[in-house]
Each structure stands twice: as C-alpha cells, then as structure tokens.
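The values are calculated or read from the model by the stated rules, or taken from the named source; none is laboratory data. Predicted model, so just to flag it, every value in this text is computed and none were measured. Positions of Cβ are generated from backbone atoms using ideal geometry, with glycine treated the same way; all protein chains shown enter the neighbour counts.
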Amino acid sequence: MPDEDIFRAYRFKLDIQGVTAAYFTEVSGLGVKVEAIDYRAGGDAPWVRRLPGWAKVNEVTLRYGLSRTNSLWDWFNEALQGNVTRRDVSIILLGTDGVAEVSRWNLFRTWLTEWRAAHLDATAATAAIETMTLVADELNRA
C-alpha cells in the first residue's frame, strides 16, 4: 500500500503557504461575522438604526489529523515561546478519491492558539493530532 493511501480517509488538507502540512477528518468554525453597531439618529422615531462594524473571522478548529512532519508542532512551539509567527494557510476539501480539490478556504495572517495530541495507544490506529485551533485576520473562499 503506497504511503499516500493512508491519507485517503482524511477529507481536509491543511496547506501552509503552499506546502501540505497535515490531513484532517473534521473542520469547524469556518466563518466570518460583521458586527452590527446600533445607533439612534436624533429626531428619528423610536427606531434603532444599524451600521456595519468590524469583520471578525471565527476560530477554526481542525480535528483528528495526521502529519508526516513536525512543522505544525514547531509553528505552535514558536507561539509558546512568545514568538507568534503569522502564516497564510488553506483548508482544502478533497473529493471522495482523496486527491481532487473540491473547495478551498484561505485564511490570512493565521496562527495556532491550541494544540491537543491524540490519546496515545500503541495498539490502536488513532490520529496523531486530536484538535488544533487557528485564528486568522481574514478569510476568503477560493
């Protein structure tokens, strides 16, 4: 069985600045919200008007992942040492063949805020990364 076959069950690929870093089975939190600011214009009936405020990208959580390298841990470890390095990342939804790109979300100026390793059991086939949380300044769907 070729090495790439182990990743076929993982439908989400995480690319960091164009380089594949890991594969995951679940992604949650992809989204952006534009805050609404309430105001009342002078002399304007009892109605509250609303203006668009700041846009905020949700925290993105990736679960149940595999990676061949330590690059994600090294990136997170930089933040632990107080040196947050922001990177552009892409989360790519793969087709049922595990290869074809179906959809892509780009997160800009991203950094890792949480890392949780999988339960370690030498007799089980568990994922190496249980949970990983990213924060980003900007999100778009390609």
| remark: Of the listed residues (103, 90), the one being assigned to a strand (DSSP E or B), of a type outside the set (Val, Ile, Thr) and touching a residue at least 60 places away in the same chain (Cβ under 8 Å) is 90
| query | Before we move on, is residue 61 among the hydroxyl-bearing types (Ser, Thr, Tyr) and out of contact with any strand residue (DSSP E or B) (no Cβ under 6 Å at 6 or more places or on another chain)? | reply | no
| said: Just the residues that are more than 16 Å from residue 24 (Cα to Cα) and either at pLDDT 95 or above or within 11 Å of the chain's Cα centre (by Cα) (or both), please, taken from the range 108-133. | reply: 108, 109, 110, 111, 113
| Any hit, the range 68-84, residues being touching a Phe, Trp or Tyr at 6+ places or on another chain (Cβ under 9 Å), at pLDDT 90 or above, under 17 Å from residue 14 (Cα atoms) and in a loop (DSSP other than H, G, I, E, B) | no
| remark: Residue hits (the range 8-54; modelled with pLDDT of 85 or more, touching a Ser or Thr at 6+ places or on another chain (Cβ under 6 Å) and part of a loop (DSSP other than H, G, I, E, B)) are 29
| Which one is farthest from the chain's Cα centre (by Cα), of the residues in the range 89-107 that are buried (at least 16 other Cβ atoms within 10 Å of the Cβ) and not polar (S, T, N, Q)? | 98
| task | Return the total of residues in the range 38-55 being under 30 Å from residue 107 (Cβ atoms) and either among the basic types (Lys, Arg) or surrounded by 11 or more Cβ atoms within 10 Å (Cβ to Cβ) (or both). | result | 3
| query | If you go through the range 49-72, how many residues are within 15 Å of the chain's Cα centre (by Cα) and hydrophobic (A, V, I, L, M, F, W, C)? | reply | 5
